[in-house]
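Structure, as structure tokens:
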Amino acid sequence: MANEVLKKGGEVTSEVWGETRGFDFEGMRFGVKAWRASASGARKGGVLSAPIVLVHGFAQQASTWDKVALSLSRTGVECFAFELAGHGKSARPTVGDVPGREAFDLDFQAQALLAFCEAVTHVAGRLPVLVGYSMGGRVALQAACLAADDLRDGGELNRISLRSSAAFAPCDRARRLDVAGACQQDVTANAARMSAAVPFSALVLESAGLGPADAASRGALRERNFAWAARVRGEGVSAFMSWWEALPLFESQRNLDDDQRERLRAGRLANDTESLALSFERAGAHAMSSQGESIRMLCELAAKGIPVSYLAGELDAKYCKVLADLRADSHDAVSCQAVPCAGHNIHLERPEAFGAILEEVVESCTPKPAAP
């Protein structure tokens with residue numbers, strides 16, 4: 001199933017295992033990487049596991065998920081990594097046909113992510129578990145807020161689907177797709193198993209902010225993010241990243257081995273100046289829904305039977321505080337877990353522990369096989 005991704009124009013083509021391809025949304029190309037589920041890890045009774053959609057952090061690419069995704073695929077779980085605007089194989093502002101600065105807007109990327117989750121559902125046959133790390137968690141959270149708004153309004157399920165110029169094939173993967181027609185048919189066919197406007201079965205946030213607490217906080221975050229954008233434009237990527245990786249937030253990453261640190265830095269340096277600057281300006285924390293709105297939305301999703309989990313590394317004091325506040329404010333509606341011996345990037349620093357947590361979430365979202 002994951003060996004097929006959609007290319008521009010709606011054509012479904014075969015993919016080499018792990019190869020990055022594209023997903024088009026309103027003229028913007030987003031990079032996608034897929035890991036097929038191992039046949040040896042298939043579940044008894046032929047039950048399909050819920051797939052996973054993974055969204056990386058600032059200045060990262062889909063490859064940041066390689067270790068976790070490969071491990072999960074061997075247990076029978078399909079994984080799809082979605083690359084944010086200007087990152088990885090996604091279009092950058094210097095490429096001719098990119099729609100412009102608006103493609104970096106938090107809401108635009110959140111809408112594209114919702115469309116991608118629906119596309120994964122069409123091809124995988126199950127609603128995916130949506131996982132977002134740091135900036136990717138911010139986009140995933142904003143996507144959940146948009147979906148929750150639709151849920152309150154009665155669930156306009158096809159609002160997102162029909163805006164995408166590309167989707168995964170629902171059944172016959174050898175033919176071209178009539179995207180609008182296929183999506184419309186799937187809306188009807190999948191109505192019973194889709195949770196209204198929410199195209200994912202669970203939400204996992206890893207070290208993600210929850211939005212500004214108030215107007216003053218929003219203003220301060222905006223000022224900080226625009227200053228960071230000016231800094232990366234003024235200093236260039238290499239000098240900026242030398243400063244960035246020395247922030248206290250990433251102190252625990254100094255314990256990684258040399259090879260891991262080199263790959264991490266190489267990934268950061270693969271970015272271009274303008275994409276990073278626009279990510280700060282257009283998709284920074286100042287652009288999020290308010291913290292109160294985010295927490296109310298997470299509680300609403302949990303009440304609708306969509307599990308919500310929040311993960312922070314025990315060595316990450318800043319986001320452990322976010323975790324503790326969320327646990328209290330959600331009255332335990334959100335599952336909150338601090339992961340031992342990990343800092344800000346849990347899936348990099350503790351991939352086995354992170355993968356085990358995702359396996360539990362997938363298991364909770366996967367129907368049990370029928371009794372013989």
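The values are calculated or read from the model by the stated rules, or taken from the named source; none is laboratory data. These figures come from a predicted structure and were not determined experimentally. Because the Cβ atoms are built from the backbone with ideal geometry, glycine has one as well, and the counts that use them run over all protein chains shown.
Here are some notes:
- Residue count for the stretch 56-73 under the criterion of being within 11 Å of the chain's Cα centre (by Cα) and under 19 Å from E281 (Cα atoms): the result is 2.
- Taking the stretch 308-338 as the range and being more than 18 Å from A144 (Cα to Cα), assigned to a strand (DSSP E or B) and among the aliphatic types (A, V, I, L, M) as the test, the residues that pass are A312, A338.
- Condition met for E360 (in contact with a Lys or Arg (Cβ under 9 Å, 6 or more places away or on another chain), among the charged types (D, E, K, R), surrounded by fewer than 21 Cβ atoms within 10 Å (Cβ to Cβ) and part of a helix (DSSP H, G or I)): no
- Among residues of the stretch 117-142, those that are more than 16 Å from A202 (Cβ to Cβ), modelled with pLDDT of 95 or more and out of contact with any helix residue (DSSP H, G or I) (no Cβ under 8 Å at 6 or more places or on another chain), counted: 1
- Identity of the residue in the stretch 148-160, part of a helix (DSSP H, G or I), farther than 20 Å from D24 by Cα and touching a helix residue (DSSP H, G or I) at 6+ places or on another chain (Cβ under 7 Å), that ends up modelled with the lowest pLDDT: D150
- Selected residue (criterion: modelled with the lowest pLDDT) from residues of the stretch 30-48 that are in contact with a Pro (Cβ under 9 Å, 6 or more places away or on another chain) and of a type outside the set (K, R): G45
- Selection from the stretch 209-245 of residues that are over 27 Å from L141 (Cβ atoms) and out of contact with any helix residue (DSSP H, G or I) (no Cβ under 7 Å at 6 or more places or on another chain): G234, E235, A239, S242
- Condition met for K318 (surrounded by fewer than 19 Cβ atoms within 10 Å (Cβ to Cβ), touching a His at 6+ places or on another chain (Cβ under 9 Å) and more than 19 Å from D107 (Cβ to Cβ)): yes
- Complete set of residues in the stretch 231-268 that are in a helix (DSSP H, G or I), among the aliphatic types (A, V, I, L, M) and surrounded by fewer than 13 Cβ atoms within 10 Å (Cβ to Cβ): A239, A266
- Counting the residues of the stretch 283-307 that are of a type outside the set (A, V, I, L, M), closer than 21 Å to A216 by Cβ and outside any loop (DSSP other than H, G, I, E, B) gives 6.
- Some residue of the stretch 333-350 being modelled with pLDDT under 95 and of a type in the set (D, E, K, R): no
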